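Below: one structure, written as structure tokens.
No lab work stands behind these numbers, since they all come straight from the coordinates. Keep in mind it's a predicted model, so treat the numbers as computed, not measured. For neighbour counting, all protein chains shown are included, and Cβ atoms are generated from backbone atoms with ideal geometry for every residue, glycine included.
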Amino acid sequence: MHTLEVSLGDRSYPIHIGAGALLRADLLASALRGRQVLIVSNSTVAPLYLARLKALLTTSQVAECILPDGEQFKDMAHLDVIFTALLTHRFNRDCTLIALGGGVVGDMTGFAAASYQRGVDFIQVPTTLLSQVDSSVGGKTGVNHALGKNMIGAFKQPNAVLIDTDVLQTLPDRELSAGLAEVIKYGLIRDLPFLEWLEASMPRLLAREPLALAEAIRRSCENKAEVVAADEFEQNDLRALLNLGHTFGHAIETGMGYGAWLHGEAVATGMLMAADLSARMGWLALDDVARVRHLLLQAGLPVMPPAELGVEELMRHMAVDKKVKNGELRLVLLTHIGTAVVSAAPELLLRETLAAGSRLGVSL
Ligand code: NAD
Ligand code: GLY
């Protein structure tokens, strides 16, 4: 078992990573304060892991709230299902919510914890690769709105993150690849040695070798914890770098309808679009863009935006991005492989990237 810390003063918390973490009652007990626990999960994950989690909670008053599975249910209506469960069970301010699932369950549970009775405790037990390397750490929580992804939410740090690498054995291949997109992101924005390790280790990761997965998760969480500790509320451009590919990706997700493209898939294509635009800005060489494309393809990820979404539609969805400041769209771009910046980009070049389609990473 590996334990990292997210250093945030009196709100610091541990991230426990290892095979069998979900069998360790002690790790959970040390993060629990009150006696009332609501486990929030979904209809896919609960049959697989709810009993295992509940077995660790023998001393508490435990209730459960099982949501339907899917990004399309990450909305205010289903947030209300969590509040109804809390109120039905008369849970008080000392209760703890435990998120058992992927990023959808984690983001919704965290937002419920941020707002129920103006804030209660919560613990993340992420079960997808994506949520283990990204969404469970750092305290961004929220739901989607029909007009924009993750537009309603709050910062709310968990008491602990419990990552059991064993649960990844039941994850569908497509979801594993989607998680690898966020892993690759850390290498691209701030950790070249990690990117090189990923290039060499991709076959082992796709084969789900436990040691390779644990290493990828540990190094991703280390990167995320460092960034969050330095810029918790995204007040300077440091934390914003974690959104490489996300402005493009959110436009794909919103444009295609939530759930059609997986978040990680949209981020992967978005990262290649960001690399393409970085090359058009004169920062990356075409070979660098091809290198990004190759790694994404190796990880089983899409590298071409959906043909259904034209330049105008993508531009419209991108204009709703949270990084828009004083009316100006700012994007995360790469100055080198392994180094990112937040920058505005000339609209002409941005439009060229959006129109590039299958030529992304092949020619400029
Ligand atoms: P998800 O939560 O939809 O999970 C993907 C699928 O895998 C679901 O069908 C789920 O039921 C299933 N699943 C989960 N664990 C499983 C397991 N162990 N075995 C079998 N099936 C399993 O998607 P995700 O990729 O985990 O998360 C995506 C969400 O995370 C998006 O809403 C995105 O906006 C959000 N996100 C948030 C942050 C953040 O900082 N808060 C960061 C990145 C992404
Ligand atoms: N996933 C981006 C962030 O946590 O800031």
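Does residue 49 fit the bill of being in contact with a Gly (Cβ under 9 Å, 6 or more places away or on another chain), under 19 Å from residue 136 (Cβ atoms) and buried (at least 16 other Cβ atoms within 10 Å of the Cβ)?
The answer is yes for residue 49.
Of the numbered conditions (1) touching a Leu at 6+ places or on another chain (Cβ under 7 Å); (2) surrounded by 22 or more Cβ atoms within 10 Å (Cβ to Cβ); (3) of a type outside the set (Ser, Thr, Tyr), residue 101 fails exactly one; give the number of that condition.
Of everything listed in (1) touching a Leu at 6+ places or on another chain (Cβ under 7 Å); (2) surrounded by 22 or more Cβ atoms within 10 Å (Cβ to Cβ); (3) of a type outside the set (Ser, Thr, Tyr), residue 101 misses just condition (1).
For the stretch 224-234, which residues satisfy the criterion of being of a type in the set (D, E, K, R), in contact with a helix residue (DSSP H, G or I) (Cβ under 8 Å, 6 or more places away or on another chain) and either more than 11 Å from ligand 1 (Cβ to nearest atom) or in contact (Cβ under 8 Å) with a residue 12 or more places away in the chain (or both)?
Here is the first cut: in the stretch 224-234, the ones of a type in the set (D, E, K, R) are 224, 226, 231-232, 234.
Okay, now just the ones that are also in contact with a helix residue (DSSP H, G or I) (Cβ under 8 Å, 6 or more places away or on another chain), so 224, 231-232, 234.
Answer for the stretch 224-234, where residues must be of a type in the set (D, E, K, R), in contact with a helix residue (DSSP H, G or I) (Cβ under 8 Å, 6 or more places away or on another chain) and either more than 11 Å from ligand 1 (Cβ to nearest atom) or in contact (Cβ under 8 Å) with a residue 12 or more places away in the chain (or both): 224, 231, 232.
Is there any pair linking a residue in the stretch 337-364 that is touching a residue at least 40 places away in the same chain (Cβ under 8 Å) and within 15 Å of residue 310 (Cα to Cα) to one that is among the aromatic types (Phe, Trp, Tyr) and in a helix (DSSP H, G or I), with Cβ under 9 Å and at least six apart or on different chains, and which?
Filtered contacts from the stretch 337-364: 353/248; 354/248.
Examine the stretch 180-191 for a residue that is of a type outside the set (Lys, Arg), buried (at least 21 other Cβ atoms within 10 Å of the Cβ), under 26 Å from residue 93 (Cα atoms) and near ligand 1 (Cβ under 8 Å from one of its atoms), and state whether such a residue exists. Write out each step before concluding.
The first filter runs over the stretch 180-191 and keeps only residues of a type outside the set (Lys, Arg), leaving 180-184, 186-189, 191.
Narrowing further to those that are buried (at least 21 other Cβ atoms within 10 Å of the Cβ): 180-184, 186-189.
Now drop any that are not under 26 Å from residue 93 (Cα atoms), which leaves none.
No, every residue in the stretch 180-191 fails to be of a type outside the set (Lys, Arg), buried (at least 21 other Cβ atoms within 10 Å of the Cβ), under 26 Å from residue 93 (Cα atoms) and near ligand 1 (Cβ under 8 Å from one of its atoms).
Can you list residue pairs whose Cβ atoms sit under 6 Å apart, with the first residue in the stretch 235-256 being under 15 Å from residue 335 (Cβ atoms) and the second being part of a helix (DSSP H, G or I) and within 10 Å of ligand 1 (Cβ to nearest atom)? Count only pairs 6 or more apart in sequence or on different chains.
That search, which allows pairs on different chains as well, returns 244/185.
Of the residues that make up the stretch 14-27, is at least one over 24 Å from the mean Cα position of the chain (by Cα), under 30 Å from residue 227 (Cβ atoms) and in a helix (DSSP H, G or I)? Even if it seems obvious, please write down each step before you answer.
Narrowing the stretch 14-27 to residues over 24 Å from the mean Cα position of the chain (by Cα): 23-26.
Subset that is under 30 Å from residue 227 (Cβ atoms): 24, 26.
Narrowing the set further to residues that are in a helix (DSSP H, G or I) leaves 26.
Yes, some residue in the stretch 14-27 is over 24 Å from the mean Cα position of the chain (by Cα), under 30 Å from residue 227 (Cβ atoms) and in a helix (DSSP H, G or I).
Pick from the stretch 82-136 the residues that are of a type in the set (D, E, K, R) and more than 30 Å from residue 181 (Cα to Cα): which of them is nearest to the chain's Cα centre (by Cα)? Step through it out loud before you land on a result.
Step one: filter the stretch 82-136 for residues of a type in the set (D, E, K, R), giving 90, 93-94, 107, 118, 121, 134.
Going one step further and asking which of them are more than 30 Å from residue 181 (Cα to Cα), we end up with 90, 93-94, 118.
Numbers: 90: 31, 93: 28, 94: 28, 118: 25 Å.
So, considering only residues that are of a type in the set (D, E, K, R) and more than 30 Å from residue 181 (Cα to Cα), the one nearest to the chain's Cα centre (by Cα) is 118.
Among the listed residues 63, 29, 77, 19, identify the single one that is loosely packed, with under 15 Cβ neighbours inside 10 Å and farther than 12 Å from residue 108 by Cα.
On the way: 63 fails: loosely packed, with under 15 Cβ neighbours inside 10 Å; 77 fails: farther than 12 Å from residue 108 by Cα; 19 fails: loosely packed, with under 15 Cβ neighbours inside 10 Å.
It is 29.
Find the residue count for the stretch 306-334, including only residues that are under 18 Å from residue 244 (Cβ atoms) and either exposed (fewer than 12 other Cβ atoms within 10 Å of the Cβ) or over 23 Å from the mean Cα position of the chain (by Cα) (or both).
Result for the stretch 306-334: 1.
Those residues that are among the polar types (S, T, N, Q) and in contact (Cβ under 8 Å) with a residue 40 or more places away in the chain, I need them from the stretch 177-216; list them, please. Before you say what the answer is, go through the steps one by one.
From the stretch 177-216, those among the polar types (S, T, N, Q) are 177, 201; that's our starting set.
Of everything in the stretch 177-216, just one residue is among the polar types (S, T, N, Q) and in contact (Cβ under 8 Å) with a residue 40 or more places away in the chain, namely 177.
Mind telling me which of the residues 222, 175 ends up being of a type outside the set (A, V, I, L, M, F, W, C), under 15 Å from the mean Cα position of the chain (by Cα), within 25 Å of residue 247 (Cα to Cα) and away from ligand 2 (no atom under 16 Å from the Cβ)? Outline the logic, then answer.
Working: 222 fails: away from ligand 2 (no atom under 16 Å from the Cβ).
When all the criteria are applied, what remains is 175.
Please tell me if residue 164 is away from ligand 2 (no atom under 16 Å from the Cβ), over 13 Å from the mean Cα position of the chain (by Cα) and crowded, with 19+ Cβ neighbours inside 10 Å. Full working, then the answer.
On the way: away from ligand 2 (no atom under 16 Å from the Cβ): yes; over 13 Å from the mean Cα position of the chain (by Cα): yes; crowded, with 19+ Cβ neighbours inside 10 Å: yes.
When the stated conditions are applied, residue 164 passes them.
For the stretch 163-201, which residues satisfy the criterion of being part of a loop (DSSP other than H, G, I, E, B) and within 18 Å of residue 99 (Cβ to Cβ)?
Initial filter on the stretch 163-201 (part of a loop (DSSP other than H, G, I, E, B)): 171-172, 191.
Matches in the stretch 163-201: 171 only.
Would you check which residues across the stretch 28-64 are within 16 Å of ligand 1 (Cβ to nearest atom), part of a strand (DSSP E or B) and among the hydrophobic types (A, V, I, L, M, F, W, C) and list them?
Matches in the stretch 28-64: 39, 40.
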